[in-house]
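Q: Have a look at the structure that comes next, please.
Derivation of every value follows stated rules applied to the coordinates shown; laboratory data play no part. Here the structure is a predicted model, which is why all the values come from computation and not from measurement. Cβ atoms come from the backbone with ideal geometry, glycine included; neighbour counts cover every protein chain shown.
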């Protein structure tokens, strides 16, 4: 299992930031690789959806289940992305002086490719982790982009 955690402070109240991330349309602003999204169920505490994601030139159809737990959004993919054997994560929103600390957490296992050695898998895992950290940082930075200069990554 690989775990990734990225944090960013923003000058906005946690409830406002939570609402932005609960809304898939708002979240898509910072994640342009989401090319489609269909909500299958939403009741304010649970959300089931299908996302179409463009990754490495391939189109992926991903099912996601999200849960609202206070000011946290926890999620998992019952059908993980094709390159993974499982995937889950969370968006967490904590009050801090002057705003909100957003934490993006991901846990996943990459699927081993045919004839892939342990060394090759490790190299691919490190590369994937770096790319995921960068992608999460971009998503976090998309919230209040006009104010990004005042908030440093943590």
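Q: Please report the projected area of the range 7-63's Cα convex hull averaged over all directions, in nm². The partial results should precede the final answer.
A: Numbers: hull surface 19.4 nm².
The Cα convex hull of the range 7-63, projected and averaged over all directions, gives 4.8 nm².
Q: A further question on this structure: For residue 122 and residue 31, compute 0.36 nm times the residue count separating them, minus their Cα-Cα distance, and round to one decimal in nm.
A: Numbers: separation 91, 0.36 × 91 = 32.76 nm, distance 2.63 nm.
Using 0.36 nm per residue and subtracting the Cα-Cα distance, I get 30.1 nm.
Q: Moving on to the next point. Pulled fully out, how much extra length does the chain show between residue 107 and residue 74, if you take 0.36 nm times their separation in residues and subtract their Cα-Cα distance? Before the final figure, lay out the partial values.
A: Working: separation 33, 0.36 × 33 = 11.88 nm, distance 1.15 nm.
Extending this stretch completely gives an extra 10.7 nm.
Q: Something else now. Please give the Cα centre distance for the range 75-131 versus the range 20-64, rounded to the nearest Å.
A: Each part's Cα centre sits 16 Å from the other's.
Q: So what are the chain's ellipsoid semi-axes, whole angstrom, largest first, if each one is the square root of 5 times an eigenvalue of the alpha-carbon gyration tensor? Before the final figure, lay out each step's value.
A: On the way: eigenvalues 143, 72, 38 Å².
They are 27, 19, 14 Å, listed largest first.
Q: Testing the spin-label approximation: label points 7 Å from Cα along Cα→Cβ at residue 45 and residue 22. State their distance in nm.
A: 1.2 nm
Q: Right, another one. What distance in nm separates the two pseudo spin-label positions at residue 38 and residue 59, each 7 Å out from Cα along the beta-carbon direction?
A: Result: 1.2 nm between the two label points.
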